[in-house]
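The structure appears right after this line, and notes come after that.
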Amino acid sequence: MKLFECQHCGQPLYFENTRCESCGRNLGYLPGNATISALEEGKRGFRALAERKGRYRYCANAQLSACNWLVSVDSDEQFCAACRHNRMIPDLSQSENQANWRRIELAKHRLFYTLLKLRLPLKTKLEEPEHGLAFDFLASAPPHSEPAEPVMTGHEQGLITINLAEADDSERERMRRQMGEPYRTLLGHFRHEIAHYYWDRLVRDAPGIEAFRQLFGDEREDYGAALQRHYANGPPPDWQERFVSTYASTHPWEDWAETWAHYFHMVDTLETASAFGMRVRPRVTKGADLSTAIDFDPHSASLDRIVDSWLPLTFAVNSINRSMGMADLYPFVLAPPVIVKLSFIHDRIHAAAGPRRADMGRGALRAVIAGLKRGVVSPDRA
């Protein structure tokens with residue numbers, strides 16, 4: 001994500017800020033401009049200092065401290081471009097539900113930041129009942145209530161359900177340890193589940209379905225049986241040579257979703273690194289191989305540039321984390337076949353967005369394929 005600053009006083013801001021701590025002005029996010037704006041109150045709503053022409057009001061969820069996005073005063077919509085996709089939210093009369101739902105909304109809004117930047121198609125279920133996107137955020141029944149079906153995080157026909165318990169840090173950590181996952185976050189859940197939605201939109205009925213099957217496998221394999229096999233036997237011994245995570249080895253749909261989520265991790269993190277002007281130049285003998293200047297917009301860059309910067313950056317931040325006695329920030333290896341899958345996802349995303357800038361080559365894919373043929377590219381290098 002890029003950096004933001006108050007247009008009135010220059011104070012650096014976070015994406016979630018609603019008030020400038022320096023000058024005291026109200027703040028709101030303008031999705032059309034992809035920026036946080038300082039606001040001035042007027043007769044017809046707020047005037048945004050980042051965009052002088054329009055007049056705005058806050059999304060209705062701002063009253064619940066769950067959103068800071070702006071809506072044009074001329075719009076009939078109560079909710080912003082992110083919140084209008086909500087179908088169900090939890091019972092907010094329970095204070096714990098309120099806090100967890102707000103955490104979920106923070107992650108969801110970060111997801112929508114990237115979806116909008118990548119210009120992916122976004123319609124609500126009201127706009128497109130068959131192909132639209134909706135969210136249910138549900139809490140499990142209390143322990144001593146009548147038996148009820150457990151809330152399962154997942155996707156089905158454009159409806160993404162998130163279990164509210166995932167917003168509880170201790171519960172999510174318990175699940176992470178139980179499932180043997182190196183990484184489990186709310187934002188990661190959103191990025192994974194939205195991938196299933198876009199598989200339906202971008203791949204399922206598209207001419208590229210055979211290319212998908214060559215890379216990810218045949219999605220017509222019985223999904224339930226694949227899950228049972230995974231939980232009974234675990235991943236294949238060579239999973240690290242072909243998949244980005246153990247769960248990706250379960251079924252082609254999950255391979256797509258896990259790889260898609262990592263693409264979003266890469267794009268968002270690299271934009272943040274670019275906003276900070278980050279350069280990596282290790283002072284070791286072979287430091288040139290791990291040097292990079294992250295000075296580009298990953299939303300419109302070629303995959304080779306994304307990958308070439310991602311590897312040095314993650315080596316650096318993992319090393320910093322280890323210096324603090326913490327686990328790696330990015331505890332994954334991008335094996336050559338994973339990079340090829342990332343290239344497929346990259347191409348599908350940008351094809352859906354329409355014509356892009358010229359910097360959209362397939363250098364990373366060509367280089368990996370050539371390396372595989374020569375037998376010179378190893379998972380450690382990729």
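Since every read-out is calculated from the coordinates, none of them should be taken as a lab result. Small disclaimer: the values here were computed from a predicted structure and weren't measured. Cβ: placed from backbone, ideal geometry, glycine included. Neighbour counts: every protein chain shown.
Pick from 60, 48, 288: which residue has the top mean-square fluctuation in a GNM of the chain where Cα pairs under 10 Å get a spring? Of the options given, 288 has the highest mean-square fluctuation.
Taking 56 Å as R0, compute the FRET efficiency from the Cβ-Cβ separation of residue 21 and residue 213 and round it to 0.05. With R0 = 56 Å, the Cβ-Cβ based efficiency is 0.60.
At 18 angstrom or more along the helix axis (alpha-carbon based) and mean Kyte-Doolittle of 1.0 or higher, what helices does the chain contain? Whole DSSP H runs only. What comes out of the filter, once short or polar helices are dropped, is none.
Here the extension length gained between residue 324 and residue 239 equals 27.6 nm, from 0.36 nm per residue of separation less the Cα-Cα distance.
Within the shell defined by Cβ-Cβ distances under 11 Å, the residues around residue 156 carry a net charge of -3, with Lys and Arg each +1 and Asp and Glu each -1. Under a Gaussian network description of the chain, with springs only between Cα atoms under 10 Å, the residue in 334, 116, 342 that fluctuates furthest is 116.
How many times 2.2 N^0.38 Å is the alpha carbon radius of gyration of the range 51-161?
1.18
Under a crude label model (7 Å from the Cα following the beta-carbon direction), how far is residue 184 from residue 130 in nanometres? According to this spin-label approximation, the distance is 3.8 nm. Once you divide the Cα radius of gyration of the range 282-333 by 2.2 N^0.38 Å, the number left is 1.24. Qualifying chymotrypsin sites (Phe, Trp or Tyr not before Pro) in the range 211-297, where qualification requires a DSSP coil assignment and no more than 13 other C-beta atoms within 10 Å, comprise 276.
Once C-alpha pairs closer than 8 Å and six or more residues apart are averaged by separation and normalised to the residue number of the chain, the relative contact order reads 11 percent. A Gaussian network model of the chain, with springs between Cα atoms under 10 Å, assigns the largest mean-square fluctuation among 93, 302, 319 to 93.
Normalised by residue number, the volume inside the convex hull of the Cα atoms of the chain is 179 Å³ per residue. The sum of -39500 (n - 2.57) across all DSSP H runs of n ≥ 4, divided by the residue count of the chain, sets its helix-only mean residue ellipticity at 222 nm to -12500 deg cm²/dmol.
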